[in-house]
1. What does DSSP give for the stretch 103-257 in terms of the percent of beta bridges that are antiparallel, rounded to the nearest 5?
2. In deg cm²/dmol and to the nearest 500, what is the mean residue ellipticity at 222 nm of the chain if only DSSP H runs of at least 4 residues count, each as -39500 (n - 2.57), divided by the residue total?
3. For the pairs Lys171/Lys227; Lys204/Lys289; Lys69/Lys314; Lys107/Lys315, note any where the Cα-Cα span goes beyond 28 Å.
4. Give me P(r) over the stretch 201-317, computed from all C-alpha to C-alpha distances, binned every 5 Å, as integer percentages.
5. Which whole-percent values make up P(r) of the stretch 181-253 when all C-alpha to C-alpha distances are grouped in 5 Å steps starting at zero?
6. Taking every DSSP beta bridge with both residues inside the stretch 166-263, roughly what % is antiparallel (nearest 5)?
7. As I understand it, the dipole of the stretch 190-283 uses +1 on the Cβ of Lys and Arg and -1 on the Cβ of Asp and Glu, about the Cα centre. Which of Leu256, Asn245, Gly222 lies farthest toward its positive end?
8. Give the Rg (one decimal place) followed by the Dmax (whole number) of the stretch 35-176, computed from C-alpha coordinates and expressed in Å.
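The values are calculated or read from the model by the stated rules, or taken from the named source; none is laboratory data. If you're wondering where the values come from, they're calculated on a predicted model, not measured in any experiment. With ideal geometry, Cβ positions are generated from the backbone for all residues, glycine too; neighbour counts draw on all protein chains shown. Heads up: the accessible areas ignore ligands, DNA and RNA and are worked out on the full protein's heavy atoms, side chains in. Shrake-Rupley method; radii C 1.70, N 1.55, O 1.52, S 1.80 Å.
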Amino acid sequence: MATIKDIAKLAGVSIATVSRVLNYDTTLSVSDDTKKRIFEAAEELSYKKKPIRKQDVGKIAVLQWYTEKEELEDLYYMSIRLGVENRCRQLGMDTAKYFQDNFEDLKEDDIQGLIAIGKFSSKQVNDLVKITENIVFVDTSPDEDRFDSIVIDFEKSTRKVLDYFIEKGHKQIGYIGGREGFKDKTSIIEDPRELTFKGYLAEKGILTEAFMYQGAFSVDDGHSLMKKAIQEHGDNLPTAIFAGNDSIAVGALRALMEEGISVPGRVNIIGVNDISVSKYVFPALSTVKVYTELMGETAVDTLVERIEGRKTAKKIFIATKLIIRNSSF
């Protein structure tokens with residue numbers, strides 16, 4: 001595992017700055033550019049270097065459904081994007097990068113294929129098809145009979161976490177998750193982690209809906225929602241919390257520490273994604289590892305196949321793994 005010193009050297013900042021950024025220290029004043037350099041350095045150091053072999057398929061576009069600023073709040077999508085870009089470098093492929101706030105520029109570019117990272121409404125998908133038919137969607141599957149997609153089975157991942165908690169004897173289990181909407185504001189997106197959490201614990205007869213909280217998939221909302229749960233439940237606070245992603249989990253950890261609540265002594269926390277910062281927060285975060293680098297690599301390889309003539313759509317599920325660190329028993 002790369003050390004904080006390694007990350008500091010690559011990002012060109014001090015070790016103290018890296019440590020505080022990775023722990024989302026709100027008292028630290030640094031620019032978004034500095035945060036981005038640190039997060040990208042942490043991700044880059046986690047990747048295995050592979051030899052370059054030239055792939056002549058023309059220029060491809062990488063579209064992130066977030067803005068650059070939003071991407072800093074949810075490193076899951078940044079990590080997928082970097083996986084895509086690293087694979088393209090390995091293949092010697094030309095790429096153009098676009099975010100939600102410069103999406104219109106994509107329409108003017110001459111591209112052979114597109115990797116769309118995130119969630120896109122029907123209208124947005126139709127707009128993308130006008131640019132190119134060669135599209136791979138990552139983290140969503142808008143039409144599996146028509147488009148290639150690389151996805152995670154979040155229902156299965158959620159059950160992994162809940163089974164682990166139940167095996168450890170937890171009966172009071174809480175949830176702090178996020179809700180998202182399409183960027184064109186056409187609708188709210190149902191989250192499979194929330195739906196599975198509610199349905200699975202109801203089947204087990206141990207669901208307490210008062211222990212469920214929803215906000216955004218951000219550190220700030222993880223912090224504020226955990227504070228709200230502490231205030232509302234006091235001594236009856238759940239003994240285990242499933243966080244919808246690692247950013248939420250990091251914020252929840254900070255709130256528990258501020259209130260003097262022991263983790264994992266009093267409350268266990270498990271997140272989702274295993275973003276690069278998860279190893280560096282205190283206590284180190286237990287999480288469901290999502291192989292974001294592999295998602296990005298697979299998206300590129302799948303797009304190359306499509307450009308080279310494959311007609312039948314593929315929907316590829318990438319496996320996950322529960323990783324237990326110091327935030328849970």
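1. Looking only at bridges with both residues in the stretch 103-257, the antiparallel portion is about 10 percent.
2. The helix-only estimate for the chain comes to -12500 deg cm²/dmol at 222 nm.
3. Where the Cα-Cα span goes over 28 Å, the pairs concerned are Lys69/Lys314.
4. Binned Cα distances yield the sequence 2, 10, 18, 18, 15, 10, 8, 7, 6, 4, 2, 1, 0.
5. All Cα pairs considered, the percentages come to 3, 14, 22, 23, 20, 11, 4, 1, 0.
6. Details: 2 of 10 bridges.
Close to 20 percent.
7. Looking along the dipole axis, the top candidate is Leu256.
8. Every Cα atom of the stretch 35-176 included, Rg and Dmax give 17.8, 57 Å.
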